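One structure is given below, represented as C-alpha coordinates, and several questions about it will come after.
The values are calculated or read from the model by the stated rules, or taken from the named source; none is laboratory data. Since the structure is predicted, the reported quantities are computational estimates derived from the model, not experimental observations. Here Cβ is always computed from backbone atoms with ideal geometry, including for glycine, and neighbour counts include all displayed protein chains. Heads up: the accessible areas ignore ligands, DNA and RNA and are worked out on the full protein's heavy atoms, side chains in. Shrake-Rupley method; radii C 1.70, N 1.55, O 1.52, S 1.80 Å.
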Amino acid sequence: MYFIGESNDSQAKYWWIRTGTKDTDTSLTIVGNLALSLENLGDDVNALMYWDAAHGADEDPGDSITWIGDVTGYTS
(Lines give C-alpha, C1' and ligand atoms only; values in the text may rest on other atoms or scores of the structure.)
Protein backbone atom coordinates (compact mmCIF):
# COMPACT_ATOMS: atom_id res chain seq x y z
CA MET A 1 0.00 0.00 0.00
CA TYR A 2 2.99 2.30 -0.43
CA PHE A 3 1.25 4.23 -3.21
CA ILE A 4 -1.53 5.31 -0.84
CA GLY A 5 0.93 6.86 1.59
CA GLU A 6 1.08 10.13 -0.33
CA SER A 7 -1.56 12.52 -1.54
CA ASN A 8 -2.24 12.23 -5.25
CA ASP A 9 -4.61 14.66 -7.00
CA SER A 10 -5.58 12.08 -9.64
CA GLN A 11 -6.50 9.43 -7.05
CA ALA A 12 -10.15 8.73 -6.30
CA LYS A 13 -11.47 10.72 -3.34
CA TYR A 14 -14.50 8.53 -2.57
CA TRP A 15 -14.27 4.86 -1.58
CA TRP A 16 -16.90 2.16 -1.02
CA ILE A 17 -15.15 -0.82 0.59
CA ARG A 18 -16.95 -4.04 1.52
CA THR A 19 -15.67 -7.44 2.61
CA GLY A 20 -16.74 -10.36 4.75
CA THR A 21 -15.21 -11.46 8.03
CA LYS A 22 -14.69 -14.94 6.52
CA ASP A 23 -12.67 -13.57 3.60
CA THR A 24 -9.93 -16.07 2.76
CA ASP A 25 -8.33 -13.91 0.04
CA THR A 26 -7.56 -10.69 1.89
CA SER A 27 -6.62 -10.18 5.54
CA LEU A 28 -9.08 -8.06 7.49
CA THR A 29 -6.18 -5.93 8.73
CA ILE A 30 -5.39 -5.01 5.10
CA VAL A 31 -8.94 -3.81 4.59
CA GLY A 32 -8.82 -1.83 7.84
CA ASN A 33 -5.41 -0.34 7.05
CA LEU A 34 -6.56 0.60 3.54
CA ALA A 35 -9.65 2.40 4.85
CA LEU A 36 -7.71 4.20 7.59
CA SER A 37 -4.89 5.23 5.23
CA LEU A 38 -7.40 6.71 2.79
CA GLU A 39 -9.25 8.52 5.58
CA ASN A 40 -5.95 9.96 6.82
CA LEU A 41 -5.45 11.47 3.35
CA GLY A 42 -8.81 13.20 3.71
CA ASP A 43 -10.69 10.86 1.37
CA ASP A 44 -14.34 9.95 1.95
CA VAL A 45 -14.33 6.26 2.91
CA ASN A 46 -17.40 4.12 3.47
CA ALA A 47 -16.07 0.76 4.74
CA LEU A 48 -17.94 -2.15 6.25
CA MET A 49 -17.28 -5.79 7.07
CA TYR A 50 -20.13 -8.31 6.94
CA TRP A 51 -20.19 -10.91 9.68
CA ASP A 52 -19.66 -14.46 8.36
CA ALA A 53 -19.56 -13.35 4.72
CA ALA A 54 -16.83 -14.25 2.25
CA HIS A 55 -14.58 -12.30 -0.12
CA GLY A 56 -16.36 -9.72 -2.25
CA ALA A 57 -19.49 -9.66 -0.12
CA ASP A 58 -21.80 -6.72 -0.63
CA GLU A 59 -25.04 -7.32 1.17
CA ASP A 60 -26.42 -3.82 0.71
CA PRO A 61 -26.30 -3.08 -3.04
CA GLY A 62 -29.12 -0.55 -2.71
CA ASP A 63 -27.05 1.42 -0.22
CA SER A 64 -24.18 1.60 -2.70
CA ILE A 65 -26.51 3.19 -5.27
CA THR A 66 -27.70 5.69 -2.66
CA TRP A 67 -24.08 6.41 -1.73
CA ILE A 68 -23.18 7.04 -5.39
CA GLY A 69 -26.09 9.49 -5.61
CA ASP A 70 -24.87 11.28 -2.48
CA VAL A 71 -21.30 11.48 -3.77
CA THR A 72 -22.27 12.70 -7.24
CA GLY A 73 -25.20 14.86 -6.20
CA TYR A 74 -27.46 12.90 -8.57
CA THR A 75 -31.08 12.51 -7.57
CA SER A 76 -33.73 10.67 -9.53
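Where in the stretch 34-61 does the amide nitrogen come within less than 11 Å of the point 7 Å from the Cα of Thr21, taken along Cα to Cβ?
Only 49-53 fall inside the zone, counting backbone N under 11 Å.
Counting heavy atoms of the protein chains only and a 1.4 Å probe, report the per residue accessible area for the stretch 1-54 as a whole number of Å².
68
Also, quick follow-up: With equal scatterers on the alpha carbons only and no solvent term, can you work out the Debye log10 of I(q)/I(0) for the chain at 0.12, 0.16, 0.25, 0.26 1/Å?
At q = 0.12, 0.16, 0.25, 0.26 Å⁻¹ the computed log10 ratios are -0.38, -0.66, -1.17, -1.19.
In nm, to one decimal, how far is the Lys13 label point from the Asp60 one, both placed 7 Å along Cα→Cβ?
2.4
Dipole magnitude of the chain about its Cα centre, charges +1 at Lys/Arg Cβ and -1 at Asp/Glu Cβ only, in debye to the nearest 20?
That gives a dipole near 80 debye.
Oh, and also: Largest first, how would Val45, Val71 line up by accessible area (1.4 Å probe)?
Ranking Val45, Val71 by accessible area, largest first, yields Val71, Val45.
Once you list every other residue whose beta carbon is under 15 Å from the beta carbon of Trp15, what net charge do they have if Lys and Arg are +1 and Asp and Glu are -1?
Neighbour charge sum, excluding Trp15 itself: -4.
Still on this model: Do any chymotrypsin sites (Phe, Trp or Tyr not before Pro) in the stretch 47-76 lie in a DSSP loop with no more than 11 other beta carbon atoms within 10 Å, and if so, which?
For chymotrypsin sites (Phe, Trp or Tyr not before Pro) across the stretch 47-76 that sit outside H, G, I, E and B with at most 11 neighbouring Cβ atoms in 10 Å, the list reads Trp51, Tyr74.
Follow-up. Just add up the charged neighbours of Asp44: K/R +1, D/E -1, any other residue whose Cβ is under 10 Å from the Cβ of Asp44.
Its environment carries a net charge of -2.
At 1.4 Å probe size, what's the solvent-accessible area of Leu28? Round to the nearest 10 Å².
60
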